[in-house]
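Visitor: Sharing a structure, written as structure tokens. Questions coming.
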Amino acid sequence: MSKVTVVGAGNVGATCANVLAFNEVADEVVMLDVKEGVSEGKAMDMMQTAQLLGFDTTVVGCTNDYAQTANSDVVVITSGIPRKPGMTREELIGVNAGIVKSVAQNILKYSPNAIIVVISNPMDTMTYLSLKSLGLPKNRIIGMGGALDSSRFKYFLSQALGCNANEVEGMVIGGHGDTTMIPLARLATYKGIPVSKLLSAEKLQEVVASTMVGGATLTKLLGTSAWYAPGAAGAFVVESIIHNQCKMVPCSVYLEGEYGESDLCIGVPVILGKNGIEKIVELELTAEEKELFAKSAAAVKGTNAALKEVGAL
Ligand SMILES: NC(=O)C1=CN([C@@H]2O[C@H](COP(=O)(O)OP(=O)(O)OC[C@H]3O[C@@H](n4cnc5c(N)ncnc54)[C@H](O)[C@@H]3O)[C@@H](O)[C@H]2O)C=CC1
Ligand SMILES: O=C([O-])CC(=O)C(=O)O
């Protein structure tokens, strides 16, 4: 019996739960929200698609009842506010730090062995906060950002190349912020061919820039931040853990010297399996990429420092 809880049944959380159910990633998916009846209603709505879509996962909704989340294998935290057009993710820290910290503590009471996937923004800082306030081993606290950013990178590459996005490989490391993301253009390929051989440097730079502001672009179009790809990316991370797929996915994890950094959570490629982070993969970066990574880490640390100002750490 595998069980996944998704906290926050808003746009991202409900989409994540829906993808988890549709793909039968777990036997049971529990959604929990503070808004009375919303999780229950969305769970019932999803269960009424089971016969149409042919899945057997049970989806349960509850209003702030952590007992129902007991013994989850994986818990996804999406609770908190999303940004509005013109805002940065970092501006959400004041409201979201308190929400994420209390949710993480409640979760741990009922699922002491759970692996926690943090989605709420600013995600790298919320991951760091969860790790510091729960004191769990670092393999069990995983921030989701790189899976989404990499999927956007592959989308923009496929648009530029005029090809199928499923035939493109690419990774985004660094912080999950408009200016901190590092799409690794040098390592991106189409059917094994470096994209730098297929696109001009100028075009490739455009793809990198579009990827970095991918979330902001959608926020401007939608009036709130995106949810289809974020929800699916959350489910993708959960699936690699629950099914021990050992996929290499960039995730925000606690570094202790890897990539020359320590005491922060930031996006680097990891192997995701039944223990959460099975391994941190150290890529050989160029001097220029190393410099970008150091700048990104400094910015994430700057946001982490604000956790003290808002009284969360
Ligand atoms: N890491 C990533 O790649 C991404 C992160 N996000 C972040 O995910 C978060 C959620 O975004 P959306 O789903 O669009 O927002 P939303 O507003 O649609 O949903 C958030 C839900 O959290 C609930 N909530 C608030 N406090 C709670 C608490 N204490 N316990 C349980 N539930 C609580 C709200 O009632 C609401 O239903 C935002 O912080 C957003 O910035 C969004 C997209 C991608
Ligand atoms: O843009 C936002 O605020 C939400 C998010 O993290 C994303 O979609 O990448």
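The values are calculated or read from the model by the stated rules, or taken from the named source; none is laboratory data. The structure displayed is predicted, hence computed values, not measured ones. Here Cβ is always computed from backbone atoms with ideal geometry, including for glycine, and neighbour counts include all displayed protein chains.
Visitor: Counting just the residues of region 110-127 that are away from ligand 2 (no atom under 16 Å from the Cβ) and closer than 16 Å to residue 277 by Cα, which one comes out nearest to the chain's Cα centre (by Cα)? Give the steps one after another, and end with the answer.
Guide: Of region 110-127, the ones away from ligand 2 (no atom under 16 Å from the Cβ) are 110-116.
Those left that are additionally closer than 16 Å to residue 277 by Cα: 113-116.
Working: 113: 20, 114: 17, 115: 13, 116: 11 Å.
It comes out as 116.
Residues are listed down the side, and each one gets a yes or a no for (1) touching a residue at least 12 places away in the same chain (Cβ under 8 Å); (2) under 19 Å from residue 83 (Cα atoms); (3) touching a helix residue (DSSP H, G or I) at 6+ places or on another chain (Cβ under 6 Å); (4) part of a loop (DSSP other than H, G, I, E, B):
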{"residue": "112", "(1), (2), (3), (4)": "no, no, no, yes"}
{"residue": "117", "(1), (2), (3), (4)": "yes, no, yes, no"}
{"residue": "121", "(1), (2), (3), (4)": "yes, yes, yes, yes"}
{"residue": "126", "(1), (2), (3), (4)": "yes, yes, yes, no"}
{"residue": "136", "(1), (2), (3), (4)": "yes, no, no, yes"}
{"residue": "153", "(1), (2), (3), (4)": "yes, no, yes, no"}
{"residue": "156", "(1), (2), (3), (4)": "yes, no, yes, no"}
{"residue": "166", "(1), (2), (3), (4)": "no, no, no, no"}
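Visitor: Spot the failing condition for residue 305; the list is (1) closer than 25 Å to residue 239 by Cβ; (2) in a helix (DSSP H, G or I); (3) aliphatic (A, V, I, L, M), and only one is missed.
Guide: (1)
Visitor: Would you check if there is a residue in region 38-53 being over 18 Å from the mean Cα position of the chain (by Cα) and on the phi > 0 side of the Ramachandran plot?
Guide: Checked against the condition, which is being over 18 Å from the mean Cα position of the chain (by Cα) and on the phi > 0 side of the Ramachandran plot, region 38-53 yields no hits at all.
Visitor: Checking the conditions here, which among 49, 58, 78 is within 16 Å of ligand 2 (Cβ to nearest atom) and polar (S, T, N, Q)?
Guide: On the way: 49 fails: within 16 Å of ligand 2 (Cβ to nearest atom); 58 fails: within 16 Å of ligand 2 (Cβ to nearest atom).
So the residue among 49, 58, 78 that is within 16 Å of ligand 2 (Cβ to nearest atom) and polar (S, T, N, Q) is 78.
Visitor: Moving on. Take region 190-243 and flag every residue that is out of contact with any helix residue (DSSP H, G or I) (no Cβ under 8 Å at 6 or more places or on another chain), of a type in the set (A, V, I, L, M, F, W, C) and under 30 Å from residue 28 (Cβ atoms).
Guide: 241, 242
Visitor: Identify, please: which residue in region 178-193 is surrounded by 24 or more Cβ atoms within 10 Å (Cβ to Cβ), of a type outside the set (Val, Ile, Thr) and within 15 Å of ligand 2 (Cβ to nearest atom) and is, among those, nearest to residue 248 (Cα to Cα)?
Guide: 183
Visitor: Hey, any hits in region 118-139 for a residue that's outside the structural domain of residue 83 (by the TED database), within 14 Å of ligand 1 (Cβ to nearest atom) and either crowded, with 19+ Cβ neighbours inside 10 Å or hydrophobic (A, V, I, L, M, F, W, C) (or both)?
Guide: Checking region 118-139: not a single residue is outside the structural domain of residue 83 (by the TED database), within 14 Å of ligand 1 (Cβ to nearest atom) and either crowded, with 19+ Cβ neighbours inside 10 Å or hydrophobic (A, V, I, L, M, F, W, C) (or both).
Visitor: Right, here's the next one. Among the candidates 45, 56, which residue alone is outside any strand (DSSP E or B) and more than 21 Å from residue 242 (Cα to Cα)? Walk me through how you get there before you give the answer.
Guide: Details: 56 fails: more than 21 Å from residue 242 (Cα to Cα).
Just one listed residue meets the conditions, 45.
Visitor: Oh, and also: In region 1-40, how many are assigned to a loop (DSSP other than H, G, I, E, B) and either more than 16 Å from ligand 2 (Cβ to nearest atom) or of a type in the set (Phe, Trp, Tyr) (or both)?
Guide: 12
Visitor: Which numbered condition trips up residue 280, out of (1) touching a strand residue (DSSP E or B) at 6+ places or on another chain (Cβ under 6 Å); (2) away from ligand 2 (no atom under 16 Å from the Cβ); (3) closer than 29 Å to residue 10 by Cα?
Guide: Unmet for residue 280, out of (1) touching a strand residue (DSSP E or B) at 6+ places or on another chain (Cβ under 6 Å); (2) away from ligand 2 (no atom under 16 Å from the Cβ); (3) closer than 29 Å to residue 10 by Cα: (3).
Visitor: Among the listed residues 228, 254, which satisfies the condition of being of a type outside the set (Gly, Ala, Ser), at negative phi, under 13 Å from the mean Cα position of the chain (by Cα) and not assigned by the TED database to the domain that holds residue 14? Give the derivation first.
Guide: On the way: 254 fails: under 13 Å from the mean Cα position of the chain (by Cα).
The match here is 228.
Visitor: Moving on to the next point. One residue is enough: does region 48-65 have a residue meeting the conditions within 26 Å of residue 277 (Cα to Cα), modelled with pLDDT of 95 or more and of a type in the set (Phe, Trp, Tyr)?
Guide: No, there is no match, as no residue in region 48-65 is within 26 Å of residue 277 (Cα to Cα), modelled with pLDDT of 95 or more and of a type in the set (Phe, Trp, Tyr).
Visitor: Looking at region 267-288, I want the residues that are in the same structural domain as residue 242 (by the TED database) and have a partner that is surrounded by 18 or more Cβ atoms within 10 Å (Cβ to Cβ) and in a loop (DSSP other than H, G, I, E, B) with Cβ atoms under 7 Å, at least 6 apart or on another chain. Which pairs are those?
Guide: Filtered contacts from region 267-288: 267/145; 267/175; 267/176; 269/171.
Visitor: What are the residues in region 37-67 that are away from ligand 1 (no atom under 12 Å from the Cβ), without any contact (Cβ under 8 Å) to a residue 40 or more places away in the chain and farther than 15 Å from residue 24 by Cβ, if any?
Guide: Going residue by residue through region 37-67, those that are away from ligand 1 (no atom under 12 Å from the Cβ) are 40, 43-60, 67.
Those left that are additionally without any contact (Cβ under 8 Å) to a residue 40 or more places away in the chain: 40, 43-58, 60.
Within region 37-67, 40, 43, 44, 45, 48, 60 qualify.
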